[in-house]
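Read through the structure below, which is laid out as structure tokens, and then see the notes.
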């Protein structure tokens, strides 16, 4: 039983990261109806920026905040420069654009910081949390930060004018424009926020997976799985999906014989395909109706 | 959540291509063919190998082009089918002692089956969802190949070494050149077959589905059948390309078939022009030679150069090489007048 509780708690901790990643994916999906395949690389680059800031002697939390600001600005710049002109292009062109971005960011991170694995500090420490053997302080910190982020986002979208405007622009762009919302900037804002949320995910997972340019590929895939599981149209679903995928991953790795560490990624694949086949809209997503 | 249902007038994944523009004219085709036949006579063995690579990767890009340009579905998971084809050929040659040429149809059949089966769940997906599912397939493939369960056959992480075939009937040409001509014949055969496929009744059904799925089904086209069929055919051709690749490289290992390969094939298609079959060779040249040039400028820069060039392509010539070809043709026409 202790093994079970342990695995579930560890699952919740990594699930928190997947939830962040899924949330970032859903933010952009809501805004422009495309999956951002470069989301993981953007998060990785942000994490490297925070690492670099700390190397320059800036304390952890200041580096953290500064990275969020830089990532936010970076997300907006990427949207304005590269994806705004592609807004009317076919899906295929957009996918190609995301893949190109993926290549560029990955390559530049390798060029600037090279491909060696780096240690990344944790502000929470790695001792057992509150004396219990079940969960480490870093894992507890991961869950804590994610929950804070979720509350902040909920308040933002529910109770601020700009949050409301963003929701309107995502739901019904035409009508939103008619009531005077600048939908184009709402999309850019969505990119900025997604980029910042991704940065949080990257910074939190970096002490676990270590810092290197390819660190986010697996995390991104789980993030996708989480977003699809919860429904690409539902931010709440993305979060629920994130935690479910985290727990599922750990339990499958522990209890299904022959799965182990190496098969965890194919499990994300199986999960994505199964959900898409039986419930394409995801657990909490809205069903999509096509019109000719 | 909310009871509201999202209504989407789905945009097509690919812009429609005028039918006339799908192939080269007869004259141009003959010139290209002559160049491909004569080229190896004048160059070194290493370049012959690269030309072979150009052909079989071109075949894999062509396969994706049939799927995307033809039926409007796209795949970031072609590397998985490529791997299955490569491993089928390698295993049959090394363990069953089968002739290399005979392994290719078998690889095609097995890949067709896999593609058809993968097409089943893919039926329910479109646009980003399909990209996602195939992306996941490509990411999972190397892991599956490394599994201890298959290790006896696949050689696990180490992979398998494949013997290079000699020219048959004692023909007086070297192994590399023979392999090049062998690949060339297969490539041309598949190219001609693909052109005919897209011009046939089935091909028109593919394109109708690409342009408007609902309208196509209203016309009586069995959408499910043709979509899975497109996946199957595409996978089969990719499998042949994989088999040829395994024979040419003489080695298969899980890490040769990562998501990077799938992305390269996808980029090759975009650069060559979606739906323009001759563009496949242009795209293939792009993915083989650009990384080399980029690496020679700076190590580790190839991803960035790739990405930047790709952005240039989608901003300036969104229809890829096809657009360049059309512009060139028009300029030639003006010169004549």
Simple SL model, points at 7 angstrom along Cα→Cβ for residue B:188 and residue A:185; separation in nm is 6.2 nm
Hypothetical label at residue B:224: residues of the range B:112-132 whose amide nitrogen lies under 19 Å (7 Å Cα-Cβ projection): B:113-127, B:130
If one compares the long axis through the Cα atoms of helix A:60-78 with the longest principal axis of the Cα atoms of chain A, the angle in degrees, nearest 10, works out at 30 degrees
Least to most buried among A:23, B:301 (fewest other Cβ within 10 Å first): B:301, A:23
Chain A: angle of helix A:137-159 to the longest principal axis, Cα-based, in degrees nearest 10: 20 degrees
Over chain B: helical MRE at 222 nm, DSSP H runs n ≥ 4 each giving -39500 (n - 2.57), nearest 500: -22500 deg cm²/dmol
To the nearest 0.05, the calculated FRET efficiency linking residue B:329 and residue B:212 through their beta-carbon distance, R0 being 25 Å, is 0.30
Using only the Cα atoms of chain B, construct the convex hull and provide its projected area averaged over every direction, in square nanometres to one decimal. 21.3 nm²
How long is the gain from residue A:115 to residue A:236 if the chain were fully straight, where each residue apart is worth 0.36 nm and the alpha carbon distance is subtracted? 40.0 nm
Using the eigenvalues of the Cα gyration tensor, what equivalent ellipsoid semi-axes result for the range B:47-145 when each is taken as the square root of five times the eigenvalue, whole Å, largest first? 25, 17, 12
At R0 = 25 Å, how high is the FRET efficiency between residue B:298 and residue A:210 if r is their beta carbon distance? Nearest 0.05 is fine. 0.50
How far apart, in nanometres, would the label points at residue A:2 and residue A:171 be if each is projected 7 angstrom from Cα along the Cα-to-Cβ direction? 5.0 nm
Sorted from fewest to most neighbouring beta carbons within 10 Å, what does the list B:181, B:191 look like? B:181, B:191
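Counting only other chains, what is the mean number of Cβ atoms within 10 angstrom of the Cβ of each residue in peptide A:107-116?
3
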Angle between chain A longest axis and helix A:264-278 axis [Cα atoms, degrees, rounded to 10]: 40 degrees
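Quick one: if the Förster radius is 25 Å, what FRET efficiency do residue B:204 and residue B:308 give, using the C-beta to C-beta distance and rounding to 0.05?
0.10
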For the range A:167-242, what is the per residue volume of the convex hull drawn over the alpha-carbon atoms, in cubic angstrom? 95 Å³
Tell me, what are the semi-axes, in whole angstrom and largest first, of the equivalent ellipsoid of the range B:89-209 as set by the roots of 5 times the Cα gyration tensor eigenvalues? 31, 25, 11
What does the highest-first list of B:265-274, A:44-53, A:6-15 look like by mean Cβ count within 10 Å? B:265-274, A:44-53, A:6-15
Average projection area in nm² (convex hull over Cα atoms of the protein assembly as shown, one quarter of hull surface): 31.5 nm²
Full-extension gain in nm, residue B:153 to residue B:315, via 0.36 nm per residue minus C-alpha separation: 53.8 nm
So residue B:196 and residue B:47, fully extended at 0.36 nm per residue minus their Cα-Cα distance, gain in nm 50.5 nm
Rg over Rh [alpha-carbon atoms, Kirkwood Rh] for chain A: 0.96
Asserting the computed 222 nm helical MRE of chain A (DSSP H runs at least 4 long, -39500 (n - 2.57) per run, divided by residue count, to nearest 500) equals -24500 deg cm²/dmol
Given a 10 angstrom Cα cut-off, can you work out which residue in B:62, B:244, B:30 is the most mobile in a GNM of chain B? B:30
Chain A, Gaussian network, Cα under 10 Å: of A:121, A:59, A:280, the residue fluctuating most is A:59
Taking N as the number of residues in the range B:211-253, what value does Rg over Cα atoms divided by 2.2 N^0.38 Å take? 1.79
Taking 37 °C and 0.692 mPa s as the conditions, I'd like the Stokes-Einstein D for the range A:87-246 in µm²/s, using the Kirkwood hydrodynamic radius from alpha carbon pairs. 180 µm²/s
Return B:74, B:46 ranked ascending by Cβ neighbour count within 10 Å, so the fewest neighbours appear first. B:46, B:74
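Any read-out appearing in this document is the output of simple, stated calculations on the displayed coordinates, not a laboratory observation. Just so it is clear, the structure is predicted and the values come from calculations on it, not from any experiment. Cβ atoms come from the backbone with ideal geometry, glycine included; neighbour counts cover every protein chain shown.
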